[in-house]
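Okay, structure first, notes after.
The values are calculated or read from the model by the stated rules, or taken from the named source; none is laboratory data. Quick caveat: nothing in here was measured; it's all calculated off a predicted structure. So basically every Cβ, Gly included, is an ideal-geometry build from the backbone, and we count neighbours across all protein chains shown.
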Amino acid sequence: MNQDKPAKNEGGSKPITWKGEQAFYIAGTEHDDDTIRIVADGHELILKLVMPTLCITYADMKFANSVGGVQKDYPDSATYGPKYFDPPVVLNGEKEVEEFTWIRGAKRVTIGPKVTVIEWPSWHTLIIPKLRIKAKEKVKALLKIPKVEITVSSPYASKILQYADGRHVGGIHVTKRHPDWKPEPVPQKYDLWVRAIDGHTRRAIPEAKVSLFTWEAKRFVLEAHWYANEMGIIEASGLPSSDRKLVTVECRPWLLQAWRFRPLPGQKVRRTFRLWQSKEGSCSYEWRERDSLESIAKLTGTQPATILKINRLRSADELKPGQTIKVPCIEAIYPVEARDTLEILTERFCYNSVDELALANELPKPYRLNLDQELRLPGWRFFQSGSDDYFVNLDEQFGLPRGWSRPAQRTLHDDPTRAYEHEVIAIPTQEFVSAHNLRKWH
């Protein structure tokens, strides 16, 4: 004689029996075909869906005519219900349901004056197409779930999905789990995908150096670096998540780009960097007693010998405090980013008016900017910061009041007093400072 085996305990947890209801709303769209699909899990159940009667379309024309002719959209069709469905009309079997309605997958449909009850086996997908709901109107539906046995490893689950002209536009998941169930821990790892391209041509930049930094002891510390492949791409998986990360991308003669982000566990972080080639220039610099050729060369991205050659000097011994020399710099040309406006850039780079910046770039009125458009910033020069440059020190080095040196690009800084390593920084001339008012960037 066969006997039913007792339910197996999972880690000492006994199965539970549960039944429940889940209410949800279906909103009408402006499309021709609003459809609801309900997909249940593997439990063998007879589920019920309760919906307003007259938001369901009838397939058989005689049936439609018998309830008032051409069916209007809900809620305008509400007057049909009490007149034609009292007592309720019952359709039994899939064949009869499909003959008189567009519903598929149901075994029994009970059409009442106010609501229709649709019953179907959970191993079938219930499909209710051609819902008649006016755009921006909504109807309330109720999913009824009978008694079901739930274990730690076997919850009840179903998906209610709404489609408009075949396109998925919304829905909900209904899930009931065992009280002893615990979610699997999310690995504290994330994946990183970075691509470097030329801002003008959109071509890949092979061998671009991608550096990843993590925030430690109130500063970003190098975690790893890679070199891009022939497509300008690096991919790294299984990186440890943390609250703050920084990615920099550099490849001479393109200017470094930096991005500060917070990766979540399990996230696939993707970012495309558009890099812009630098345009070399030169500017005057007053030599200080504490200066060295190495420190100035690092700031200007050149070699000490280059600075000597520009100034026709044989050695650093010829440099005296207070002496004015020429040093290389990067022309202050700013590529417009998304959400930039002339007003924002005027404020950020301390111009007296929007007209001043527009006139310098020969912009006609009304002033409009395009993405990646290049703007000249008269009175400013770009440099590259060192590994531990503070903006206040750069102000002092160039003989400026505090607060003038600033990042050339729009990058989030956790420590607004310190520049990122090799970051492009903007430093004004003393003449520009004398003619304009200070507006601190942070």
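Determine, yes or no, whether ASP355 is modelled with pLDDT under 90 and more than 24 Å from SER284 (Cβ to Cβ). Walk me through how you get there before you give the answer.
Details: modelled with pLDDT under 90: no; more than 24 Å from SER284 (Cβ to Cβ): yes.
Taking the combined requirement at face value, the residue does not satisfy it.
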Quick one: which of LYS320, LYS326 is in the same structural domain as GLY379 (by TED's automatic domain parsing), of a type outside the set (Ser, Thr, Tyr) and in contact with a strand residue (DSSP E or B) (Cβ under 7 Å, 6 or more places away or on another chain)? LYS326
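Give, as residue ranges, the strands (runs of 3 or more DSSP E) completely inside region 54-125 that count at least 2 residues that are at pLDDT below 65 and touching a Ser or Thr at 6+ places or on another chain (Cβ under 6 Å).
Details: elements: 89-92, 108-111, 115-121.
Answer list for region 54-125: none.
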Here is a check on your reading of the model: is GLU21 modelled with pLDDT of 65 or more, loosely packed, with under 13 Cβ neighbours inside 10 Å, of a type outside the set (Gly, Ala, Ser) and not in a strand (DSSP E or B)? no
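Out of the residues in region 153-210 meeting the condition of being of a type in the set (A, V, I, L, M) and over 30 Å from GLU421 (Cβ atoms), tell me which one is surrounded by the fewest Cβ atoms within 10 Å (Cβ to Cβ).
Filtering region 153-210 for residues of a type in the set (A, V, I, L, M) gives 157, 160-161, 164, 169, 172, 174, 186, 192, 194, 196-197, 204-205, 208, 210.
Then keep just the ones that are over 30 Å from GLU421 (Cβ atoms); that gives 157, 160-161, 164, 169, 172, 174, 186.
Values: ALA157: 15, ILE160: 21, LEU161: 17, ALA164: 18, VAL169: 14, ILE172: 14, VAL174: 18, VAL186: 10.
Filtering first and then ranking leaves VAL186.
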Scanning region 387-442 for residues that are crowded, with 16+ Cβ neighbours inside 10 Å and among the acidic types (Asp, Glu), the one modelled with the highest pLDDT turns out to be ASP395
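Residues checked against (1) more than 30 Å from LEU371 (Cα to Cα); (2) not hydrophobic (A, V, I, L, M, F, W, C):
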site	(1), (2)
LEU192	no, no
ALA196	no, no
VAL221	yes, no
TRP226	no, no
ASP243	yes, yes
LEU246	no, no
LEU255	no, no
TRP259	no, no
Flagged in region 156-171 as touching an Asp or Glu at 6+ places or on another chain (Cβ under 7 Å) and more than 10 Å from ASP34 (Cα to Cα), in numbering order, are TYR156, ALA157, SER158
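Could you tell me whether any residue of region 416-437 is of a type in the set (Lys, Arg) and within 19 Å of GLU356 (Cα to Cα)?
no
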Look at VAL186 and say whether it is of a type in the set (A, V, I, L, M, F, W, C) and in contact with a Pro (Cβ under 7 Å, 6 or more places away or on another chain). yes
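What about VAL247, is it closer than 16 Å to ARG270 by Cα and touching a Ser or Thr at 6+ places or on another chain (Cβ under 9 Å)?
On the way: closer than 16 Å to ARG270 by Cα: yes; touching a Ser or Thr at 6+ places or on another chain (Cβ under 9 Å): yes.
So VAL247 passes the test.
Between LYS134, LYS140, which is among the basic types (Lys, Arg), at negative phi and loosely packed, with under 15 Cβ neighbours inside 10 Å?
Selected residue: LYS140, the only one of LYS134, LYS140 that is among the basic types (Lys, Arg), at negative phi and loosely packed, with under 15 Cβ neighbours inside 10 Å.
Scan region 366-373 and tell me whether some residue there is under 24 Å from ILE197 (Cβ atoms) and without any contact (Cβ under 8 Å) to a residue 12 or more places away in the chain. Lay out the reasoning, then the answer.
Taking region 366-373 and keeping what is under 24 Å from ILE197 (Cβ atoms), we get 369-373.
Those left that are additionally without any contact (Cβ under 8 Å) to a residue 12 or more places away in the chain: none.
Within region 366-373 (the criterion being under 24 Å from ILE197 (Cβ atoms) and without any contact (Cβ under 8 Å) to a residue 12 or more places away in the chain), the answer is no, since none of the residues qualifies.
Looking at LEU359, is it of a type outside the set (S, T, N, Q) and over 22 Å from ILE425 (Cβ atoms)?
On the way: of a type outside the set (S, T, N, Q): yes; over 22 Å from ILE425 (Cβ atoms): yes.
When the stated conditions are applied, LEU359 passes them.
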For region 118-131, give me each residue that is touching a residue at least 24 places away in the same chain (Cβ under 8 Å) and surrounded by fewer than 19 Cβ atoms within 10 Å (Cβ to Cβ). GLU119, PRO121, TRP123, THR125, ILE127, PRO129, LYS130
